[in-house]
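Below is one structure, written out as structure tokens; the observations come after it.
The values are calculated or read from the model by the stated rules, or taken from the named source; none is laboratory data. All values reported here derive from a predicted model rather than from experimental measurement. Cβ: placed from backbone, ideal geometry, glycine included. Neighbour counts: every protein chain shown.
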Amino acid sequence: MKKVLILGAHGQIARLVTARLLAETADIQLTLYLRHSERLTNPDPRRVAIIDGDVNDLPTLNQAVAGQDLVYANLGGEFEPLARKIVQTMTANQVNRLIYVTGLGLYHEVPGEFGRWVEASIGTPVMDDTRRAAALIEQSDLNYTIIRAAYMNDDPQINYELTEKGEPFKGTIISRASLADLIVKIIRDPQLHQFASLGVDQPGTDGDRPY
């Protein structure tokens, strides 16, 4: 059984990923890590363990990371300390493969008026925190996939395109279903998108604002 730890397991994308992995695979065992674990009902006690924990709680996080094959992190809050603890515990436990979801604009890669609007609307402190978190991951020895998502919506349609680090970001929006699809594909085949930072958007949604 492949062992996968999901950090921030109550998040909308994480729940989509959990449901799809349980429905579409038979060889993946999940550990769902979240604060206030009573918010989740265990969907399959044979294949799913639930841990009530905060990523900032190093002893609990260390226990959760030990023995995993892959960590998928879908978190909110102050990102730099969270990324630091993820890198620290994964390195200490020799768990190498990480999927880390964040937002667009890490590298000032969003062109034009939309890029200026992103920077202004999110704000310098949050953007700089996000960039420091990504840099910690990229400078580590982990085999990472950073997913830089456009503005998210709940459209059930799966329709996305990818841009690599160094390429201009495309589009303005992306469905959570599309992000979940990409994450599920990487979990099922961890050789996909190794040591990569991927921009993800819905084709044909270029513009000055998300719509």
(message) Condition (residue is out of contact with any Lys or Arg (no Cβ under 6 Å at 6 or more places or on another chain), at pLDDT below 95 and more than 20 Å from Arg132 (Cα to Cα)) applied to segment 1-16: is it met by at least one residue?
(response) yes
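Table: residues versus (1) modelled with pLDDT under 95; (2) within 17 Å of the chain's Cα centre (by Cα); (3) closer than 18 Å to Leu70 by Cβ.
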site	(1), (2), (3)
Glu113	no, no, no
Met127	no, yes, no
Pro156	no, no, no
Tyr160	no, yes, no
Pro190	no, yes, yes
Considering residues that are more than 23 Å from His108 (Cα to Cα) and among the small types (Gly, Ala, Ser), the number found within segment 179-196 is 1
Among helices (runs of 4 or more DSSP H) completely within segment 70-145, the ones holding 1 or more residues that are over 23 Å from Ile186 (Cα atoms) and touching a Phe, Trp or Tyr at 6+ places or on another chain (Cβ under 7 Å) are 124-138
Check: Is segment 80-101 home to any residue that is surrounded by fewer than 21 Cβ atoms within 10 Å (Cβ to Cβ), on the phi > 0 side of the Ramachandran plot and either without any contact (Cβ under 8 Å) to a residue 24 or more places away in the chain or not acidic (Asp, Glu) (or both)?
Finding: yes
For Arg15, the lone unmet condition from (1) among the charged types (D, E, K, R); (2) in contact (Cβ under 8 Å) with a residue 40 or more places away in the chain; (3) under 20 Å from Val200 (Cβ atoms) is (2)
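One line per residue, one yes/no per condition, for (1) surrounded by fewer than 18 Cβ atoms within 10 Å (Cβ to Cβ); (2) touching a Leu at 6+ places or on another chain (Cβ under 6 Å); (3) closer than 18 Å to Val101 by Cβ; (4) not charged (D, E, K, R):
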position: Leu22; (1), (2), (3), (4): yes, no, no, yes
position: Leu34; (1), (2), (3), (4): no, no, yes, yes
position: Ser37; (1), (2), (3), (4): yes, no, no, yes
position: Leu70; (1), (2), (3), (4): no, no, yes, yes
position: Ala73; (1), (2), (3), (4): no, yes, yes, yes
